[in-house]
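Values in this text are rule-based calculations from the coordinates and carry no lab data. Note that the structure is predicted; figures quoted are calculated from it, not measured. As a convention, Cβ positions derive from the backbone with ideal geometry for all residues, glycine included, and neighbour counts pool all protein chains shown.
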Amino acid sequence: MRLPTVADIERRIPRQEDFTSRARGTGLTARVGSALGVAFLICFVTGLWSGLQYQRPSWVPLGPGPTQLYRWTQGIHVVSGMAAIPLLLVKLWSVFPRLFIRPPTGAKERVLEAFERGSIAVLMASSLFMLTSGLLNIAQWYPWEFSFRRTHEAVAWVAIGSLLVHIAVKLPVIRQAFAEPVEDHDVDSDAPTRRAVLHGAVVASGLAVVLTAGQTVPWLRNISVFAVRDGEGPQDLPINRTAKAAGSVDTAQSPSYALEILVGTQMVSLTREQLLSMPQRTHRLPIACVEGWSRSAEWTGVSVRDLLALAGGAPDSEVVVRSLQTKGAFGSSRLLPSYVQDHRTMLALKLNGEDLSLDHGYPCRLIAPNRPGVFQTKWVKRLEVQA
Ligand SMILES: Nc1nc2c(c(=O)[nH]1)N[C@H]1C(S)=C(S)[C@@H](COP(=O)(O)O)O[C@H]1N2
Ligand SMILES: [Mo]
């Protein structure tokens, strides 16, 4: 038996001409690609905004208003990511045969071609990584070892950078494609047309939006089968992490529980009864998770500002909030002075008129306007202020 030669193998690799579907075409690619570019851009900007909540350069103002801002930016982030998935799949399908174009013969052309293919490979790999890691994150499945947030943010820069290069390189082709009709041949009735593929991509993307958006938009909730949380949960609010998972069941229900407020070296302790005897404030505020789901509720409790006043802390302090939690991440968060000054930043004792349930953070939880859910610390043990 003769081993296959390189020429034999080469002959078996398909050529661009072997893909005969007339449903592919530059007009289709350019249109789906542009929609995808818009979705990526929205995703990138809203994602940057979310990243700033964790690490803020001093010139970026972050505060409690507008109350619903983070809820909307993060809802839009997740929805535009979902919308991008069908668009990316159709886009890749529409250019797939180009993978099999044979390299050009001239040395200079080969180098240029290698650069172009290299940049597209980076764009494709980073785009697929962004959409996959985002999707797995909202499904709360972490099959990886690395930090989701840092990696998702770092690769976003690679994706947006290679996208800009790609657009710059293809601009003449894109221009021409938009100047011409999507179909450039006589449409025979049997074959799927480019227009049909384009419509299919738009419908699939629109469906992804509608089926996800209900986690932010209440009146869409019942049809949003892709929403990660259906809005169910004790006291009408979803639960991400239970008290059991956080290892706070016993300490949260202990009769010896007292909230500690540490100002410099001075400490004030307050039992839940003492907290309840302080002036109570009630506000309607959303929990807005980074996974895109959000839900408003009526919270009643004591403002952090009132608590600082009682313990001798200044109202323009930065406050660290620590939880009783013993297992897992998100056991503490930091309140910027702008949040502390707003009386709606509270330690909530009640939710929708009832005592806070254990899984919602009993004996008390932080709630503040325009704040990512992950910083709305539950089972609060201590407020710490640098004197
Ligand atoms: N102590 C503590 N507080 C926490 C969390 C946590 O894991 N531990 N999860 C946060 C997250 S990610 C969100 S979105 C909100 C709402 O989560 P829940 O649905 O679990 O209450 O609570 C936040 N507060
Ligand atoms: Mo969250």
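Structure notes:
- Contour minus Cα-Cα distance for Ser256 and His199 (0.36 nm per residue): 14.2 nm
- Spatial separation of Cα centroids for the stretch 195-271 and the stretch 1-56, in angstrom: 34 Å
- Here the residues Arg71, Arg117, ranked from fewest to most Cβ neighbours within 10 Å of their Cβ, fall in the order Arg117, Arg71.
- Eligible aspartates and glutamates near Lys378 by straight Cα distance, threshold 15 Å, same-chain separation 8 or greater: Asp250, Glu260, Asp355, Asp359
- Working ranking of peptides 203-213, 148-158 by packing, defined as the average number of other Cβ atoms within 10 Å per residue, highest first, is 203-213, 148-158.
- Spatial separation of Cα centroids for the stretch 67-115 and the stretch 349-387, in angstrom: 41 Å
- Percent of beta bridges antiparallel (DSSP, the chain, rounded to nearest 5): 85 percent
- Residues of the stretch 114-129 falling in the label zone of Ala168, defined by backbone nitrogen less than 14 Å from a point 7 Å along Cα to beta-carbon, are 116, 119-120.
- Within a Gaussian network of the chain (alpha carbon springs, distance under 10 Å), most fluctuating of Arg24, Arg371, Arg110: Arg110
- Helix 69-95 vs. the chain, principal-axis angle (Cα, 0 to 90°, nearest 10): 20 degrees
- Both radii come from the Cα set of the stretch 236-386: Rg as radius of gyration, Rh as Kirkwood radius; their ratio Rg/Rh reads 0.92.
- Estimated FRET transfer efficiency when R0 is 22 angstrom, pair Leu135-Val225 (beta carbons, to 0.05): 0.90
- Amide hydrogen neighbours beyond the local backbone of Arg382, cut-off 5 Å, H modeled: Glu260, Arg322
- C-alpha long axis of helix 148-179 to longest principal axis of the chain, angle in °: 40 degrees
- What the Cα atoms of the stretch 12-220 give is an Rg and a Dmax of 19.6, 63 Å.
- When the Gaussian network model of the chain links Cα atoms closer than 10 Å, the mean-square fluctuations of Leu307, Leu285, Leu171 top out at Leu171.
- Based on DSSP H segments of at least four residues, each scored -39500 (n - 2.57), the chain has a per-residue ellipticity at 222 nm of -15000 deg cm²/dmol.
- On the principal axes of its alpha carbon atoms, the chain extends 84, 49, 44 Å, with the longest extent given first.
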